[in-house]
Every structure is written in structure tokens, then in C-alpha cells.
Amino acid sequence: MQQRTQEITIIGGGLVGLSVALGLLMAGQRVRVLDGADSDARASQGNFGLIWGQGKGWDFAPYANWTMDALTAWPAFAQQLRDLSGIDVALDQPGGYEFFTDPTEFDAFKAELAQQAIHLGKRARYEMLSGDDLRSQMQGIGPDVVGASFSLYEGHVNPLRFLRALRCSVQTMGGHVRLGATVSAIRPQPKGGYALVLADGETLHTEQVVLCAGLGAATLARDLGFNTQVRPQLGELLITEKLGDRLPFLSSTIRQVDEGGVQIGGTKANAGLNDHETLPIMSKLAHHAVTVFPALADVRVVRAWGALRVMSPDGYPVYAKSSMHPGAFLVTCHSGVTLAPLHTSVLAEWILNTSATPELEAFDECRFALSHAA
Amino acid sequence: MNVASRFRTLPETGDRVQFTLDGAPASAPAGVTVAAALLAHSGAWTRQTVKGAGRTAYCMMGVCFDCLVEVDGTPNTQACMTLLREGMTVRRQTGLRDLNGGHCG
């Protein structure tokens, strides 16, 4: 009789949890995903759909390279999702701009990109454009834009369709996704394995557990002996009515979804677990969009919302194996879209220990140990 | 009023307002919304989705966005949230609006 492989339970059914689940399923594992309540802080349902690398890891080479690996893996990944789920996530990688209206911020970002390019070596592909260069290349850019960076690898997907494609792919591969299953405690068992206590009192048992619960990981991480503390960062965004014609650019703050609506966002604020949108920020976003591309002034905003990013202490991903509890893993990041192709491939190999993954060592949570001891 | 409409207006008591729909003259009781006027006019579709399906006013309370029409040159106007005024130019809308304010079709 064929021996059954051990079951792995993923706690968290957002982009990160589903990506990890898909990777493990494709590696032949039995996987169960426990997803929490509708009212949880769900970064995956508020995201911007960007596949973005500019500036990422400028002061941390492993992250710069990890992000670049992900950017180049996206085309094959999107095709894989389509094959598994039948869903087209509308991947488009035309390259992307960061627009600046403040010369000081423009110069500071230029320095960061130069530093990032050193880490990336031959893979770095970007240019800095003055406002006039930009206006001569592209019609409709406002006079107050002082400059922009352009990077060749940037792209975007339809954010909600991507989440659905991931969930459908997991189910196609035989993964079981259980909804409304909030894990309130994890109890490592004396003889190995874990008891997962659900909020409704039910207890589930599993051989291995991967914690991908975003902001919900706060207390569960401690149950497994992890010291990483994640914090929420509020981002707000506006959605316009759908447009029949296409914007001539993709940027990190203004992007047009394949269905025609424009998303305007990119703000960062510390507001605890409050994810409400605010009038001053909405006004600032609208002003930014019209400054960059004045033709948007006439376009209506039809929705606005806030959502909470999941931030580690230094902003980089955390991929940690519990030293105290074998078979327990912590995976958290705020770039669940960009990094998804690697979470379904390299990360699965790291969890299963099926091949060497030296590029992941830098993301262990031991980098936070000193600050906690202080 | 077009007698072919499936919708009946309340008993009319006062003035009527003149407007145009796709260039053709039309009228409705004073004080109604553009959506009510369009339903009473013929009840036929007043916008087409991107895929060409016909739609007209449905929720009448600003929620469903199925009543979008072009009013006095402004596309994507919610007809149910707009009071009909004398001389309004209303156009049925096909597909999405463009950045320059017009719409395709």
C-alpha cells in the first residue's frame, strides 16, 4: 500500500497562503487551507494588483534580487494559473513609471535606484526621465511633473481575478480550502504535529503547519515560538468609472485595470487596525492623479476604500522555520502579488527541503533578534 | 408619452418638460428624474454594456448604475439621480466613456 504523505495545513487563505498551498500541491503534498472570517483584515481583497520592483531592496540586496526573480517569473506563472483555473488574470508587463512632483524626492529615489542597480548587476533596466523628456515622449503628462523613473519589468494583474484564480487552482490541484475557519491557538504536540484550535471550539490536527495569516499571525506566531511582529499599514485608494480608452502609462500610484477603471493609490499611514478611508487622503490622491495626468480631472470617482498592508519590522518578507517546533513555518510579506510566482515554487522547495534554497536564508527572522533583545 | 412603454406615470397634474433623446424631441411631467422620463418614454434600453447587452434604469435609487446615460454632453450620468430639466439633451450610451468626455458608439 502506498504510504500517504503527511498533511500540511496552511493557516490563511489570502494571496500568500494560497500561493504557498499551490506550490506544495504541485510538489505532490496533501494540503488543507484554513481561511478566517469575512470581517478579518484582508490585504488580499484590497490590493492594487501591481507587479513591481522599483526601489525594492535598494538597501537589502537579497530582496532586490528576490523581487527581480519574481518579476521575470510572472509570464510563465500567469499561464500556469490559466491552465489550472481557466481564469485569465490579465497580466500586462509594459514597464512602469514612478512620477515625481518634488525635485528632492525625485533625486532621493534616483539614488535608491542606483543603489538597487548595483545589487541587480546586469539585470537592472531602468532610466530616469526629466519632466520635459517625459512630456515629449508621452502626451498628457501635467506640467508640474518634475521627473519620472521607468523600469522595464513592471506590470500588473486584475487583483480580484488573481485571488480567484489562485483559489480555483488550489482546488483544481486537490487542495481543500475551508472558509470561516479562524484559528485561535496552535498547540504543538509532545509527539510531533500540531493541534489547531478553531474559534468555534473545534480542534484539528496536522503534521505540519505554515502560518500565512497576514495580520492575523500576531498571536499565532508566538504559539510557534516565532518572534516576528507584523504591523498594519493603511493604504487608501480611489476607483474611477470605467474608461473606453487606455491610459498611456502604468505607474505605482495610477493604474488602469483591464476592465477600464482607474485605481489611484499608494498612500501609507499608521492607523492601527482602522481601515477606514479618510477625506483628506482621498483629496490628496485625486490631486496627485490630476497633477500627473490632467485629463483625469473630468473622470468620476465611484468608490474609495482603505486596506491594511502587512508589514514586517523592516518591510521585507519573512520566511522562517521554527527552531523549537519542527514542521512549523512562518511566511509573511506585503508583496503577495509580485512574489507569488516564487511562493508557488522556490518557497515550496524550502518548506519541503527538497532542494537548496540559499537565497532564502537572508529572510529568516533571526535578523530581528537583536532588536528584540535590546 | 410613448404609449408602448410598460411603465405608467402617476396621474399628471402639472407642466411638462421638453427634452431630446438621441436628438428626437420628447417630454415628461415636470419634477421627474431623467430615469423616470426614459422609462415612461419607451422603457427600451438606454445604455449598452461593453458586451452589447441592453440595460436601463433598475434600482431608481443610485445603486445599480444601470441607468447611465449622457446628459448635456456628460457621459456616465446616473439618470435616476438627475432631475429632468427643460431643454436637456439626453443620449443613450453605448460602451464605456472616453477620457475626452465622449463615449464610443
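The values are calculated or read from the model by the stated rules, or taken from the named source; none is laboratory data. This structure is a prediction, so every number in the text was calculated from the model and none was measured. All Cβ positions, glycine included, derive from the backbone under ideal geometry; neighbour counts span all protein chains shown. We work out accessible area using only protein heavy atoms, side chains counted, and drop any ligands, DNA or RNA first. Shrake-Rupley method; radii C 1.70, N 1.55, O 1.52, S 1.80 Å.
Rundown of residues vs (1) charged (D, E, K, R); (2) surrounded by 13 or more Cβ atoms within 10 Å (Cβ to Cβ), yes/no style:
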residue	(1), (2)
B:GLU12	yes, no
B:TRP45	no, yes
B:VAL63	no, no
B:ASP66	yes, yes
B:MET88	no, yes
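Scanning the range B:91-105 for residues that are part of a strand (DSSP E or B) and at pLDDT below 90, which turns out farthest from the other protein chains (Cβ to nearest Cβ)? Ranking the qualifying residues of the range B:91-105, first place goes to B:THR94. Looking at (1) closer than 24 Å to A:VAL302 by Cα; (2) more than 13 Å from chain A (Cβ to nearest Cβ); (3) of a type in the set (A, V, I, L, M, F, W, C); (4) in contact with a strand residue (DSSP E or B) (Cβ under 9 Å, 6 or more places away or on another chain), can you tell me which one B:LEU10 breaks? With respect to (1) closer than 24 Å to A:VAL302 by Cα; (2) more than 13 Å from chain A (Cβ to nearest Cβ); (3) of a type in the set (A, V, I, L, M, F, W, C); (4) in contact with a strand residue (DSSP E or B) (Cβ under 9 Å, 6 or more places away or on another chain), B:LEU10 is out only on (1). Residues that are out of contact with any His (no Cβ under 6 Å at 6 or more places or on another chain), farther than 30 Å from A:ARG303 by Cβ and of a type in the set (A, V, I, L, M) within the range A:207-240 comprise A:VAL209, A:VAL210, A:LEU211, A:LEU220, A:ALA221, listed in sequence order.
The C-beta contact set for the range A:267-291 (first residue part of a helix (DSSP H, G or I), second residue among the charged types (D, E, K, R), distance under 6 angstrom, 6+ apart or interchain) comprises A:ILE281/A:GLU236; A:THR291/A:ASP144. Residues in the range B:47-61 that are of a type outside the set (Val, Ile, Thr) and open to solvent by 60 Å² or more (accessible area, probe 1.4 Å) were compared, and the one that is nearest to B:VAL17 (Cα to Cα) is B:MET60. When the residues of the range A:109-143 are filtered to those that are hydroxyl-bearing (Ser, Thr, Tyr) and open to solvent by less than 90 Å² (accessible area, probe 1.4 Å), the one that is nearest to A:PRO62 (Cα to Cα) is A:TYR126. Scanning the range A:281-338 for residues being closer than 30 Å to A:PRO143 by Cβ and either more than 14 Å from chain B (Cβ to nearest Cβ) or open to solvent by 40 Å² or more (accessible area, probe 1.4 Å) (or both) gives a total of 19. Looking across the range A:4-40 at every residue that is polar (S, T, N, Q) and crowded, with 24+ Cβ neighbours inside 10 Å, the one that is farthest from A:LEU160 (Cα to Cα) is identified as A:THR9.
Table: residues versus (1) outside the structural domain of A:GLY17 (by TED's automatic domain parsing); (2) more than 13 Å from A:VAL20 (Cβ to Cβ).
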site: A:ASP298; (1), (2): yes, yes
site: A:VAL302; (1), (2): yes, yes
site: A:LYS321; (1), (2): no, yes
site: A:MET324; (1), (2): no, yes
site: A:ALA328; (1), (2): no, yes
site: A:SER345; (1), (2): no, no
site: A:GLU349; (1), (2): no, no
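Could you list, in sequence order, the residues of the range A:227-251 that are modelled with pLDDT under 95, part of a loop (DSSP other than H, G, I, E, B) and buried (at least 20 other Cβ atoms within 10 Å of the Cβ)? The answer is A:THR228, A:VAL230. For the range B:68-90, the count of residues that are of a type in the set (Lys, Arg), under 27 Å from A:ARG246 (Cα atoms) and either more than 10 Å from every other protein chain (Cβ to nearest Cβ) or not in a loop (DSSP other than H, G, I, E, B) (or both) is zero. Does A:ASP258 satisfy being open to solvent by 20 Å² or more (accessible area, probe 1.4 Å), within 14 Å of another protein chain (Cβ to nearest Cβ) and within 24 Å of the chain's Cα centre (by Cα)? Yes, satisfied. Annotation note: of A:GLY142, A:GLY121, A:GLY131, A:GLY174, the sole residue that is in contact with a strand residue (DSSP E or B) (Cβ under 7 Å, 6 or more places away or on another chain) and modelled with pLDDT of 95 or more is A:GLY131. Taking the criterion of being touching a residue at least 24 places away in the same chain (Cβ under 8 Å) and part of a loop (DSSP other than H, G, I, E, B), the residues of the range A:165-198 that qualify are A:MET173, A:GLY174, A:GLY175, A:LEU179, A:GLY180, A:ALA181, A:THR182, A:GLY192, A:GLY193.
The residues of the range A:63-79 that are open to solvent by 60 Å² or more (accessible area, probe 1.4 Å) and either assigned by TED's automatic domain parsing to the domain that holds A:LEU15 or touching a residue at least 40 places away in the same chain (Cβ under 8 Å) (or both), listed by number, are A:THR72, A:ALA76.
Before we move on, is B:ALA40 away from chain A (no Cβ under 14 Å), open to solvent by less than 40 Å² (accessible area, probe 1.4 Å), touching a helix residue (DSSP H, G or I) at 6+ places or on another chain (Cβ under 8 Å) and not hydroxyl-bearing (Ser, Thr, Tyr)? Criteria not met by B:ALA40. Selection of first residues in the range A:125-143 that are hydrophobic (A, V, I, L, M, F, W, C) and of second residues that are open to solvent by 50 Å² or more (accessible area, probe 1.4 Å), restricted to Cβ pairs under 6 Å at least 6 apart or on distinct chains, gives the following pairs, ordered by first then second residue: A:MET128/A:LYS110; A:MET138/A:PRO248; A:ILE141/A:ARG135. Residues considered: A:GLY235, A:GLY272, A:GLY260. Of these, the only one that is more than 30 Å from A:CYS366 (Cα to Cα) and of a type in the set (Gly, Ala, Ser) is A:GLY260. Take the range B:16-37 and flag every residue that is of a type in the set (Ser, Thr, Tyr) and surrounded by 19 or more Cβ atoms within 10 Å (Cβ to Cβ). Answer for the range B:16-37, where residues must be of a type in the set (Ser, Thr, Tyr) and surrounded by 19 or more Cβ atoms within 10 Å (Cβ to Cβ): just B:THR33.
Looking at the range A:200-253 only, could you name the residues that are within 14 Å of chain B (Cβ to nearest Cβ) and polar (S, T, N, Q)? Residue satisfying the conditions is A:THR240 alone.
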